[in-house]
1. Mind checking whether some residue in segment 33-40 is at pLDDT below 70, over 23 Å from Met690 (Cβ atoms) and either among the small types (Gly, Ala, Ser) or in contact with a Ser or Thr (Cβ under 9 Å, 6 or more places away or on another chain) (or both)?
2. Just checking, does segment 347-362 include any residue being modelled with pLDDT of 80 or more and in a loop (DSSP other than H, G, I, E, B)?
3. Tell me yes or no: at least one residue of segment 540-556 is touching a strand residue (DSSP E or B) at 6+ places or on another chain (Cβ under 7 Å), under 23 Å from Met153 (Cβ atoms) and not in a strand (DSSP E or B).
4. Does segment 300-307 include one or more residues that are in the same structural domain as Pro403 (by TED's automatic domain parsing) and either of a type in the set (Gly, Ala, Ser) or at pLDDT below 80 (or both)?
5. Return the total of residues in segment 438-478 being assigned to a strand (DSSP E or B) and modelled with pLDDT of 90 or more.
6. Select from segment 208-218 the residues that are modelled with pLDDT of 85 or more and surrounded by 16 or more Cβ atoms within 10 Å (Cβ to Cβ) and list them in ascending order.
7. Could you say whether any residue in segment 488-495 is assigned to a loop (DSSP other than H, G, I, E, B), under 40 Å from the mean Cα position of the chain (by Cα) and touching a residue at least 12 places away in the same chain (Cβ under 8 Å)?
8. Got a number for residues in segment 129-144 being more than 13 Å from Val73 (Cα to Cα), assigned to a loop (DSSP other than H, G, I, E, B) and in contact (Cβ under 8 Å) with a residue 12 or more places away in the chain?
Amino acid sequence: MTETLSFTPMVPFVLIASLAVVGLVLAGIALARGGTGWLLRIAVLAVLVVALVDPRAVREERQPQRDVALVVVDRSASQEIGGRRAETDAALKAVRQELARFKDLDVQIIEATDDNAGGGEPGANEDGGTHLFKALARAAAEVPRQRLAGAIMITDGQIHDIPAVNEAGKPDERDPPPPSPLHVLLTGKPGESDRRLVIEQAPSYGIVGQSVTIRYRVEDRLGDKSKSLTKGLAGMQIRYDDDEEIVSKIPVGRSGEISFDLEHAGPTVVEMTVDAAPGELSTINNRALVSINGVRDRLRVLLVSGQPHAGERAWRNLLKSDPSVDLVHFTILRPPEKDDFTPLRELALIAFPIQELFEIKLEEFDLIVFDRYVVRDVLPPSYITNIVNFVKEGGALLLALGPEFATLRSLFQTPMGTIMPASPTGKVLERGFKPKLTDIGRRHPVTAGLPMDRADTPEWGRWFRMIDAVPKSGRELMRGVDGKPLLMLERIGKGRVAQLLSDHIWLWARGYEGGGPQAELLRRLAHWLMKEPDLDEEGLKADIKEGRLQVQHRSLDVEAPPDVTVTKPSGQAQLLHLEDAGNGVWKGVMAVTASGVYKVSDGTQTALATLGALNPLEFQDLRASAEKIKPVAEASGGSVHWINNGLPDFRRTRPGRDSAGEGWVGVVANHSFVVSGLTQVSLLPGYLVMILVLGALMAAWYREGH
C-alpha cells in the first residue's frame, strides 16, 4: 500500500495562476491604500486557489512484479566440438542455481540451434549460421520492458547475427538493441587453432562437355583474433561423380584451382577434403562441397535415314519439336551404285558431307541415330570404325532398324556389329503385335510407368513388323512377336547403345488403334543415352523436404537392397530401412533437424542431400572467440567471461548503476509493480470550501464596516 498526493485541477493551471496573480495585485492595492480587510481577502483567495487545484490523497494497492532474466543457450553444431557441450550444460546448471537465489526473479531459458534460431522450421536459416540474437529479440519482445532484468548468453562466440556497434561504442540504430545488460559466458578456450577449407569461387552451373573451375584456399588459424598463418603444405583430395579423384598438395594460405569437364546434365557434387593439421579443434571444416548443375547448351543429334519411308517423318517431327535439339538430318536418296550419267548440276540434291560428319566433326555430336540404314558403300569401313570409337569414348548411338537389318547389307555386318546387343537371324516377322514390357522393362526407368491396362496386355496400338534377333548382351526392355526382343540397351565402354528392332513406331505417332507413348518412350531413351542421372537403372537419390530425408533406391535386381547408411552432418551414422515401392524402386524416409550435408550410401553408391546451406557458416570458423561479441556486450553495459576461468558471481543491481565488475555480473532489479486498487480522498471538500470562503468574507466585511 502506498499513499501519495495528487492534484486534479478543475481548470488549466495557467488560468488558476492568472486569477491568483490578479487577486494578489488587488490585495496589494488595498494594502497600499490602508484598507483593513486585505489579509482576510488574501485568505479567501488562497482557499479558492486550493479548491480549484483540488488536492487529493491517493492510496494505491500495489502488487510487485517479478523481473525476468533471459538465458540464451547456444546449441549449434560448433558447440559439439571437444568438451563445449559439457561446459555449456555445467554453466547452465550453475546459472540456474545462482539466479534461483533471487526470490523476485524469473529465469527464462532459450535454447537456440543453428537451424531454428531464426524462428522457423528446421533448416530455416539458409546460410546455416547461428542466429542467437534473433532468438533473444523474439523472447525479449514477449517480456514487458519494465520487467526485463537483462540477458545471459552461453556460447562459443561464433554468432552470425551480431548487431553492429558504431564508433562511439553504441548499438547501431539500424539493428534492434539487445536487452541491457547482456553478459556472455564463453565455452572453449582462448588461443585455439583450426584449419579450414575455403571455397573462394565456384560456378553454380556449367555447360555439359565444357570445363568448370573451382578456386579454393586452405587456412590455418591460431588464437582468438582473425589471423591466418601461411606455412607448409597440406594434402588435398578432390572427388567428384563418385569415381574421379585427384590427390595433390597445396601451400597453406594460398589459393589453388581445379578444373574438370562436366560429363552429364544434372548436379555434379564435388567433395574437397584437406588433411588435418596438428592440434586443430576438429576436421569438420576441412571438407567442403560444391554442387554444379550441368546443363546442355543444345543437344546435337545426327539423324541418318538410309532411305525414305513412312516412319522417317515421325523421327524428324519428334526431334525437331524439342527446341533444345540441334538436328542434322540426311536421307540417302541416291546411293553410289545408282549411276545414270545425270550431270550433278542437274540433281536437286545436297552432297552427303561424309568426311566432315564422320571424321572431322564426329565428336561434336551427342547422339547419332541410324534410321533404316542400308550398307551401300556410302560410309566406308573406316568411318564405321570412327563411330564405334565414338561410342566407346562416351558417345550415344540409337539404331532404329527395318527389314534391311536382316539382309547381307545390314549394319551388323560392319564393325558396328561388335557393339550391338542383338544379332539378326535373317528373318523379318510381319504380323500384328503389341509391344510388351519385360520384367526388367517394368523396372528400368526408360520404360517403367508407361501406360498399360495389365502387365500382359498394353493399352497402346499394334505394330506389324519387327526383325528377328538373338540377344548377345545388354538388357531387353520390350518384346514383340512370340516374345522376341524388340528394344535392347547396352553400355559400351563409356558410351551407350540402344537397338529398336522395328520400324513401325510411327504407327503410334499417327494414332493407329489409339496410338501409344512414342514421344515419352523416345524422350526417355534419348535422355538415357545422354547419361541423365535420373534415368540410370542403378541409382540412389536423396532429397530433403519439410524436414524429412527422402531416399530412393532404384535397381533392376529383384532382391531387396540392403539398408542404406545415413551419415549426419555431425558425423553420426544411422541405418535407414527401405520399403518396396514397386517397379524396382525402394524408398525410405527419416526425420532430420540439423543443418548440413547428409550422406547416404548403400555400400557402392553415394547420394548427398543438404538441409540449409551446402557449406554452412557454422563451420567456417570453429574457434571460440570473444572478438565479435565483446563490443556488443560492453555497449549494453554487460561483460564477457570465459567459463574455463571460472564463473562470475551474480548480483542484483539498481537501474542506472554498473552491471558488471571484476569477477561479478549483475542483473537489474527494476522493482516494477502493478496497481490493483486505487482510492482517492479530496483534502478540501466542497462544504469546507464554502464555510471557509463565506466565513472569511463575512469577517472581512465586518472589519471593513468598523
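The values are calculated or read from the model by the stated rules, or taken from the named source; none is laboratory data. Predicted, not measured: the structure shown is a model, and the values here were computed from it. Every residue, glycine among them, receives a Cβ derived from its backbone with ideal geometry; neighbour counts consider all protein chains shown.
1. yes
2. Checked against the condition, which is being modelled with pLDDT of 80 or more and in a loop (DSSP other than H, G, I, E, B), segment 347-362 yields at least one hit.
3. No, segment 540-556 contains no residue that is touching a strand residue (DSSP E or B) at 6+ places or on another chain (Cβ under 7 Å), under 23 Å from Met153 (Cβ atoms) and not in a strand (DSSP E or B).
4. yes
5. Taking segment 438-478 as the starting set, the residues that turn out to be assigned to a strand (DSSP E or B) are 452, 458, 463, 466-471, 475-478.
Subsequent filtering for residues that are modelled with pLDDT of 90 or more retains 463, 466-471, 475-478.
Going through segment 438-478 one residue at a time, the tally reaches 11.
6. Val212, Ile214, Tyr216, Arg217, Val218, listed by residue number.
7. Narrowing segment 488-495 to residues assigned to a loop (DSSP other than H, G, I, E, B): 493-494.
Applying the additional criterion that residues be under 40 Å from the mean Cα position of the chain (by Cα) yields 493-494.
If we keep only those that are touching a residue at least 12 places away in the same chain (Cβ under 8 Å) as well, we get 493-494.
Looking through segment 488-495, at least one residue is assigned to a loop (DSSP other than H, G, I, E, B), under 40 Å from the mean Cα position of the chain (by Cα) and touching a residue at least 12 places away in the same chain (Cβ under 8 Å).
8. 3
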